[in-house]
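For reference, the structure is listed below as structure tokens.
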Amino acid sequence: MDKMRSEKTISADSVDFVHSVEKSLPNSHKVYVTGEVHRDVRVPFREISLAPTKTMSGEIEVNDPVRVYDTSGPWGDPEFHGDVEQGLPPLRAKWVRERGNVDGKFS
């Protein structure tokens, strides 16, 4: 495979990957937990619904959902409409400036 074809394949795969995180995973949804230090921070988790378990005695045992850290970032949030080429919004810029220990321009 020549270099030109290889770069096109990688580029197309990258675009497909970004679109794949926009789709919700089965039996799960994104939830947020508010930060303790910075109340405006919302930490993303994926809450996964579990099927009930049938015990050895035949009884049905309900399983609570499980939360796992969601590494998809804002791309997995249906309310986020970002542009891959523009990058992510500068969410931490305000906190860094408020520390008062940054010289020069910070954005």
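The values are calculated or read from the model by the stated rules, or taken from the named source; none is laboratory data. Note that the coordinates shown come from a computational prediction; the quantities given were computed from them, not determined experimentally. Accessible surface is based on the protein model in full, side chains and every heavy atom, while ligands, DNA and RNA are left aside. Shrake-Rupley method; radii C 1.70, N 1.55, O 1.52, S 1.80 Å.
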- Note on the structure: Expected vector for the range 42-59, Karplus 3J(HN,Hα) from phi with 6.51, -1.76, 1.60 and θ = phi - 60°, integer Hz, x for Gly and Pro, equals 10, 8, x, 10, 10, 9, 9, 6, 10, 6, x, 9, 8, 6, 4, 7, x, 6
- Note on the structure: In Å², rounded to a whole number, the accessible area per residue of the range 44-107 with probe 1.4 Å is 85 Å²
